[in-house]
1. What relative contact order, as a whole-number percentage, does region 133-173 give when Cα pairs under 8 Å and 6 or more residues apart are counted?
2. Starting from the 7 Å offset along Cα-to-Cβ, what nm value, one decimal, do you get for the label separation of residue 193 and residue 223?
3. Distance in nm between label sites at residue 309 and residue 2, each 7 Å beyond Cα in the beta-carbon direction?
4. In the Gaussian network model of the chain, springs joining C-alpha atoms below 10 Å, which of 171, 242, 85 carries the largest mean-square fluctuation?
5. In a Gaussian network model over the chain where Cα atoms closer than 10 Å are linked, find which of 255, 127, 74 has the largest mean-square fluctuation.
6. Which order do 73, 32 fall in if you start with the one that has the fewest other Cβ atoms within 10 Å?
7. Distance from a point 7 Å along Cα→Cβ of residue 251 to each backbone N in region 1-40: keep the residues under 13 Å and list them by number.
8. Nearest-5 percent of antiparallel DSSP beta bridges in the chain?
């Protein structure tokens, strides 16, 4: 059976950064790119908040540059998924894409997926006025009207952030009361730029694809249905932000690694160390707070450095 010093599960900024650092440390990493090589950024059009790109960069282009750099230093990339891992003893057993291997150290970078409304029109307009990240894309909607879907803390955070730059923010919620914490509710309800559409569910996103968020075309309205009366209405807007939560891609590790209540991988504070020695977690699979490309890359770097130190000490924790 083939044997590797470091196996990285997942790509995106976390996985590729871990690969770059591990490869430069001469650990000859093998990386499984996953079902969506490059991660969530491959479905993001304009990325303007990643350092080093003053004019912005397309998400897929940025991820291709990450990949080229990882390969240049000697990373072996498999465009496939890992089906099974066994973490109860080292070396760890990894199976995927028809290959079985042993790994002395494992870096997890499987990411997380935003929860969507599962509407065909929403899917068609992702990156063209539809987003799940106000921090990432809010800038494109300066002085425009947008809607936020959700009723929890995430939705309130998104609405408050967008209210700083948008002319109007309408929060659409399927109930007549919010699930958010009292503090977050109070802040949002007190903001004069935030309007409310209670007992409403989005049934269609109206618009056409343009050249990314900055294109002339895009979202022009959302159609909603009253959850009580079934009355249908339209809310004019230029952007839709879905804020109904994220789901970390950690099913593979359930029962083997310690996860929190929302299934994010638990790491020791200030590190990428998991509950199993020799297994390191990075990116959105372990980050329920920031979920940014630059923070994912940072934790990928941490994971690789810790894996290098762990192997350098003979696989003994330090």
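1. With pairs under 8 Å counted, the relative contact order is 51 percent.
2. 3.0
3. Here the modelled spin labels are 3.0 nm apart.
4. Result for the chain, Cα springs under 10 Å: 85 fluctuates most.
5. For the chain, modelled as a Gaussian network with Cα springs under 10 Å, the answer is 255.
6. So the ranking, lowest neighbour count to highest, is 73, 32.
7. Correct set: 35.
8. 45
Values in this text are rule-based calculations from the coordinates and carry no lab data. Owing to the predicted nature of the structure, the values given are computational and were not obtained by experimental measurement. With ideal geometry, Cβ positions are generated from the backbone for all residues, glycine too; neighbour counts draw on all protein chains shown.
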